[in-house]
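Asker: Got a structure here, written out as structure tokens. Questions coming.
The values are calculated or read from the model by the stated rules, or taken from the named source; none is laboratory data. As the structure is a computational prediction, the values presented were derived from the model and not from experiment. Backbone-built Cβ (ideal geometry, glycine too); neighbour counts: all protein chains shown.
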Amino acid sequence: MLKHVLDSNLKEYIHKAVGICGVSAGGFGGTRVIQSLLPVLRELGLVTIFWDGNFSGAQGLFDDAGNMKDRATYEKRIDKFLGELIWMSKVLRLGRETISI
């Protein structure tokens with residue numbers, strides 16, 4: 001389903017920034033899915049950032065009230081992730097607006 005959605009808007013993706021988050025029950029936080037998806041995104045013309053959002057042990061991430069248990073650790077990682085995504089988006093927009101192909 002994801003691949004179908006990605007394939008339906010090809011011209012919208014050229015030189016746009018993208019970051020990937022993965023979630024898993026195990027200890028790798030969706031790393032295998034992320035690794036498999038990166039070449040697909042690059043082939044579509046998207047520019048992938050250097051940080052991934054990995055959420056390992058999904059069943060234990062939240063307490064009974066729905067609050068994230070290790071919030072400070074995840075906030076620090078996601079801040080890096082979002083900072084890189086925003087920076088790359090701005091750089092690519094500047095490039096699209098000022099440099100012709």
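Asker: Can you tell me which condition Leu85 does not meet? The list is (1) modelled with pLDDT under 95; (2) in a helix (DSSP H, G or I), and all the others hold.
Answerer: Leu85 satisfies all of (1) modelled with pLDDT under 95; (2) in a helix (DSSP H, G or I) except (1).
Asker: Name every residue in the stretch 72-87 that is of a type outside the set (Phe, Trp, Tyr), under 16 Å from Gly29 (Cα atoms) and surrounded by 12 or more Cβ atoms within 10 Å (Cβ to Cβ), in order of residue number.
Answerer: Selection gives Arg77, Ile78.
Asker: Do you know which residues across the stretch 32-74 are farther than 27 Å from Ser8 by Cβ, of a type in the set (S, T, N, Q) and part of a strand (DSSP E or B)?
Answerer: Within the stretch 32-74, just Asn54 meets the criteria.
Asker: Can you run down the residue pairs with Cβ atoms below 7 Å, 6 or more apart or on separate chains, where the first is in the stretch 47-65 and over 15 Å from Ala25 (Cα atoms) and the partner is among the aliphatic types (A, V, I, L, M) and part of a loop (DSSP other than H, G, I, E, B)?
Answerer: The qualifying pairs are Asp52/Ile20.
Asker: Scan the stretch 40-49 residue by residue and report those that are surrounded by fewer than 15 Cβ atoms within 10 Å (Cβ to Cβ) and either more than 14 Å from Leu92 (Cβ to Cβ) or touching an Asp or Glu at 6+ places or on another chain (Cβ under 6 Å) (or both).
Answerer: If the condition is that a residue be surrounded by fewer than 15 Cβ atoms within 10 Å (Cβ to Cβ) and either more than 14 Å from Leu92 (Cβ to Cβ) or touching an Asp or Glu at 6+ places or on another chain (Cβ under 6 Å) (or both), then Val40, Glu43 are the ones that fit.
Asker: Additional query: Scan the stretch 1-31 for residues that are of a type outside the set (D, E, K, R), part of a helix (DSSP H, G or I) and out of contact with any strand residue (DSSP E or B) (no Cβ under 9 Å at 6 or more places or on another chain) and jot them down.
Answerer: Leu2, His4, Val5, Leu6, Leu10, Tyr13
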